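Heads up: the structure comes next, in structure tokens.
The values are calculated or read from the model by the stated rules, or taken from the named source; none is laboratory data. Because the structure is a prediction, the values reported are computed rather than measured. Neighbour counts run over all protein chains shown; Cβ positions are idealised from the backbone, glycine included.
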Amino acid sequence: MRKTFIALICIIAVLASGAFARKPPNDITYPVTLEDLGDFIKDLGYSFNKVTTESPEGGSADRIELSIRGDNGTFDIGVQIFESIEMIYISISNYMQVPLSDPGALPMLSYLMNENWNMNFGKFEWDIDDGEVRLSHTLPIDDGISKETFQAYFTAILNMADEKLPELEQNFEDFREE
């Protein structure tokens, strides 16, 4: 918890210091494309796959998918752009499994809801159908985004996922035993 708080303070300080420094307009990417985000991710040293999925409404959507190994687990990360609302959606899928049939599910879901309330960055999402818990964050891109800003958010959600996982898994085990 302390590491997450310190990491968030550092990110805020970096972002705030960037707000006071004048940057030339070419440091901001606009409009933002999935290819741009892929380049930002490659610059961090990661490789990824570009995936196209068909939506139930008949359209298709492209997204970036990659797996990154942290200290506490391997995280499946997805990055998608929603052009109509000018947002980037970064998610870590299959972060945890909390099936509703599990005896510890209700207290764990209450715990996750409380965590959401206390977090200024990221949120937990739960799929009632299969019990999948995702960790996600959205970024507005209506004025574009810099590589540094995207990379800071991308790295922060990955670090947060890695740091919080042992605590969440332990709490879920404890709830099962009550």
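If I filter segment 118-137 for residues that are closer than 19 Å to Val32 by Cβ, part of a strand (DSSP E or B) and touching a Gly at 6+ places or on another chain (Cβ under 8 Å), do I get at least one hit?
Let us first name the residues in segment 118-137 that are closer than 19 Å to Val32 by Cβ, namely 136-137.
Okay, now just the ones that are also part of a strand (DSSP E or B), so 136-137.
Of the ones still in play, those that are also touching a Gly at 6+ places or on another chain (Cβ under 8 Å) are 136-137.
Yes; the residues of segment 118-137 include at least one that is closer than 19 Å to Val32 by Cβ, part of a strand (DSSP E or B) and touching a Gly at 6+ places or on another chain (Cβ under 8 Å).
Any idea which residue in segment 61-80 is farthest from Ala161 (Cα to Cα), counting only those that are in contact with a helix residue (DSSP H, G or I) (Cβ under 8 Å, 6 or more places away or on another chain) and β-branched (Val, Ile, Thr)?
Ile64
Consider Thr4 against the criteria (1) surrounded by 15 or more Cβ atoms within 10 Å (Cβ to Cβ); (2) in contact with a strand residue (DSSP E or B) (Cβ under 8 Å, 6 or more places away or on another chain); (3) at pLDDT below 90: it satisfies all of them except one. Which criterion is unmet?
(2)
Can you confirm whether Glu132 is free of Cβ contacts under 8 Å to residues at least 60 places away in the same chain and farther than 29 Å from Phe172 by Cβ?
no
Out of Leu165, Leu66, Leu158, report the one residue that is within 10 Å of the chain's Cα centre (by Cα), surrounded by 13 or more Cβ atoms within 10 Å (Cβ to Cβ) and of a type in the set (A, V, I, L, M).
Leu158
Which of (1) within 18 Å of Gly144 (Cα to Cα); (2) surrounded by 14 or more Cβ atoms within 10 Å (Cβ to Cβ); (3) in contact (Cβ under 8 Å) with a residue 60 or more places away in the chain is the odd one out, the single condition Leu34 does not satisfy?
Answer for Leu34: the failing condition is (3).
Quick check on this structure: which one of Ile128, Ile81 is out of contact with any Asp or Glu (no Cβ under 6 Å at 6 or more places or on another chain) and within 30 Å of Tyr30 (Cβ to Cβ)?
So the residue among Ile128, Ile81 that is out of contact with any Asp or Glu (no Cβ under 6 Å at 6 or more places or on another chain) and within 30 Å of Tyr30 (Cβ to Cβ) is Ile81.
I'm told Ile90 meets every condition in (1) under 13 Å from the mean Cα position of the chain (by Cα); (2) within 30 Å of Glu177 (Cβ to Cβ); (3) among the hydrophobic types (A, V, I, L, M, F, W, C) except one. Can you identify the failing condition by its number?
Status for Ile90: all satisfied but (2).
Go through segment 81-114 and give me each residue that's part of a strand (DSSP E or B) and touching a helix residue (DSSP H, G or I) at 6+ places or on another chain (Cβ under 8 Å).
Narrowing segment 81-114 to residues part of a strand (DSSP E or B): 81-82, 87-97.
Matches in segment 81-114: Ile81, Ile88, Ile90, Ile92, Tyr95, Met96.
For residues that are of a type in the set (Gly, Ala, Ser), loosely packed, with under 13 Cβ neighbours inside 10 Å and farther than 20 Å from Ala161 by Cα, tally how many sit in segment 37-60.
We begin by selecting, within segment 37-60, every residue of a type in the set (Gly, Ala, Ser); these are 38, 45, 47, 55, 58-60.
Retained after the next criterion (residues that are loosely packed, with under 13 Cβ neighbours inside 10 Å): 45, 47, 55, 58-60.
Then drop every residue that is not farther than 20 Å from Ala161 by Cα, which leaves 55, 58-60.
Selection size over segment 37-60: 4.
Hey, can you tell me all the residues within segment 37-65 that are part of a loop (DSSP other than H, G, I, E, B), farther than 11 Å from Gly78 by Cβ and modelled with pLDDT of 95 or more?
Applying the first criterion (part of a loop (DSSP other than H, G, I, E, B)) to segment 37-65 yields 44-48, 55-59.
Keeping just the survivors that are farther than 11 Å from Gly78 by Cβ gives 44-47, 55-59.
Listed by number, the residues that qualify are Leu44, Gly45, Tyr46, Ser47.
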